[in-house]
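Reviewing the structure listed below.
The values are calculated or read from the model by the stated rules, or taken from the named source; none is laboratory data. Just so it is clear, the structure is predicted and the values come from calculations on it, not from any experiment. Methodologically, a virtual Cβ is constructed for each residue, glycine included, from the backbone with ideal geometry; neighbour enumeration extends over all protein chains shown.
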C-alpha cells in the first residue's frame, strides 16, 4: 500500500515516539521491527489518528507482550 508524504511522516513520528517511550524501553518482548510492522498494519487498516495508533501500541501491543513474559525475580518458579 502506498502512503502520501504526510502520512509517512506521521507514521514515522508515531514510531519514534513509541520507540523512545518508557513502555517500550522497559519491555523486552517486542522488537522495534515488530512495533514498526504493527504501525504499518494499523495504517493498512485505515487508522490515521496518531493518538489512537500510540494508544494501541502502548496499551495493547506492548502491555500484552509484558503479560505474556515468563515471571522473573521473586515470583519465578524453580525449573529444576
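Brief remarks on what is shown
- Residues in region 1-25 that are under 12 Å from the mean Cα position of the chain (by Cα), exposed (fewer than 12 other Cβ atoms within 10 Å of the Cβ) and outside any loop (DSSP other than H, G, I, E, B): 16, 22, 25.
- Residue check, residue 31 loosely packed, with under 13 Cβ neighbours inside 10 Å, modelled with pLDDT of 95 or more and farther than 19 Å from residue 1 by Cα: yes
- The criterion of being out of contact with any strand residue (DSSP E or B) (no Cβ under 6 Å at 6 or more places or on another chain), modelled with pLDDT under 95 and surrounded by 13 or more Cβ atoms within 10 Å (Cβ to Cβ) holds for residue 65.
Each row is one residue, and each column tells you yes or no for (1) closer than 15 Å to residue 65 by Cβ; (2) in contact (Cβ under 8 Å) with a residue 24 or more places away in the chain; (3) out of contact with any helix residue (DSSP H, G or I) (no Cβ under 9 Å at 6 or more places or on another chain).
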residue	(1), (2), (3)
2	no, no, yes
30	yes, yes, no
37	yes, no, yes
42	no, no, no
47	no, no, no
